[in-house]
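Down below is the structure, laid out as structure tokens.
The values are calculated or read from the model by the stated rules, or taken from the named source; none is laboratory data. Since we're looking at a predicted model, the values are computed, not measured. A quick note on method: Cβ atoms are made from the backbone with ideal geometry, for glycine too, and the neighbour counts reach across all protein chains shown.
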């Protein structure tokens with residue numbers, strides 16, 4: 001778990017690592033639907049923009065990562081677990 005003493009850049013790195021782990025876990029869980037969506041986007045001009053949306057999202061999160069993760073360093077451990085449980089239910 002994240003030590004309570006981490007602040008600033010260290011907390012930002014920790015939160016970024018957890019986001020990457022969570023994203024990789026979700027991608028692994030939904031590998032087959034994502035694969036089908038990828039095939040659909042390659043085969044249809046109507047859905048070709050689907051491939052660009054994640055790239056733009058990743059770029060925006062990366063460019064604004066300090067603002068995105070600024071408030072998460074102040075959350076308590078209980079609040080972080082509640083947010084994780086909520087995101088898993090959705």
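Assigned to a helix (DSSP H, G or I), touching a helix residue (DSSP H, G or I) at 6+ places or on another chain (Cβ under 7 Å) and at pLDDT below 90: does that describe residue 27? Judged against the criteria, residue 27 is a match. Looking across the stretch 55-81, the residues that are assigned to a helix (DSSP H, G or I) and at pLDDT 75 or above come down to 55, 56, 57, 58, 59, 60, 61, 62, 63, 65, 66, 67.
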